[in-house]
Amino acid sequence: MKDIIVYTMRNCSYCQKIKNVLDQNNLEYSERDVSEFPHEWEKVKNITRSPMFPTIELNGEYFVPGRDYNNDQQLILLLNRRLNAPKLEYDLDILVREGIKSLNANLNSLQTKFVTLAKDVSQIQKILLDITQDAEEEVKKEDKDFFDMQQNIREIIETDAKNTEQEEK
């Protein structure tokens, strides 16, 4: 019996690549095209919560691309490790409880990182606001200086025009 099951989809080039790599590494597998095994695929999707192809099942453990492996070499390494590891019997309750504890710890760590990131973003926003306000004040000052300069030029022109007019009389 083949321990590896590969869930594939027609016209999936990555599925074909993975099957070729499995063949090259002499890893026997059973293929389940989702169009031929829709109920089985629904079960896999419900378990993994990741409808990605090709999803690999090995002795009840699922390997999803992008979640468990990022390329064919990682998948082969992962499968070989699992195939060569001693078969251990796990108490499902302990396995689930420990998995949840690990997940919670990782979520808490992420929450702390997000809080720190939010503080950093807030500081950056304050800095940008200060820079914007300084720039606006500088523009207002330059606008006032420009306006004053225009006013002075008008006054000079008007004065020159009056002087020229008086000289002509």
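The values are calculated or read from the model by the stated rules, or taken from the named source; none is laboratory data. Please read all numbers here as calculations on a predicted model, not as lab measurements. Cβ: placed from backbone, ideal geometry, glycine included. Neighbour counts: every protein chain shown.
One residue stands out in the range 49-62 among those that are of a type outside the set (D, E, K, R) and under 20 Å from the mean Cα position of the chain (by Cα): the one that is modelled with the lowest pLDDT, namely SER50. For GLU28, the conditions (1) crowded, with 16+ Cβ neighbours inside 10 Å; (2) over 31 Å from the mean Cα position of the chain (by Cα); (3) acidic (Asp, Glu) all hold with the exception of (1).
Got a sec? Which of GLU89, GLU142, GLU158 is loosely packed, with under 10 Cβ neighbours inside 10 Å and either in a helix (DSSP H, G or I) or out of contact with any helix residue (DSSP H, G or I) (no Cβ under 8 Å at 6 or more places or on another chain) (or both)?
On the way: GLU142 fails: loosely packed, with under 10 Cβ neighbours inside 10 Å; GLU158 fails: loosely packed, with under 10 Cβ neighbours inside 10 Å.
On inspection, the qualifying residue turns out to be GLU89.
Select from the range 11-42 the residues that are within 23 Å of GLN73 (Cβ to Cβ), touching a residue at least 12 places away in the same chain (Cβ under 8 Å) and out of contact with any strand residue (DSSP E or B) (no Cβ under 8 Å at 6 or more places or on another chain) and list them in ascending order. Scanning the range 11-42 gives CYS12, LYS17, VAL21, ASN25.
Against the test of being closer than 30 Å to ARG32 by Cα and either at pLDDT 90 or above or not hydroxyl-bearing (Ser, Thr, Tyr) (or both), the options ASN106, ASN152, ASN71 yield a single qualifying residue, ASN71. The residue list LYS45, LYS101 contains one member that is part of a helix (DSSP H, G or I) and surrounded by 11 or more Cβ atoms within 10 Å (Cβ to Cβ), which is LYS45.
Scanning the range 21-39 for residues that are more than 12 Å from THR8 (Cβ to Cβ) and in a helix (DSSP H, G or I) yields a total of 5.
Has the range 4-11 got any residue that is closer than 25 Å to LYS87 by Cβ and outside any strand (DSSP E or B)? No - not one qualifying residue is present in the range 4-11.
Pairs please, first residue from the range 43-64 and among the β-branched types (Val, Ile, Thr), second anywhere and part of a helix (DSSP H, G or I) and surrounded by fewer than 16 Cβ atoms within 10 Å (Cβ to Cβ), Cβ atoms under 9 Å, 6+ apart in sequence or on different chains. These pairs meet every condition: THR55/LYS45.
Considering the range 65-75, the residues that are within 16 Å of SER13 (Cα to Cα) and assigned to a loop (DSSP other than H, G, I, E, B) include one that is farthest from the chain's Cα centre (by Cα), namely ASN71. Looking only at residues in the range 44-86 that are among the β-branched types (Val, Ile, Thr) and touching a helix residue (DSSP H, G or I) at 6+ places or on another chain (Cβ under 9 Å), the one that is nearest to ASN26 (Cα to Cα) is ILE76.
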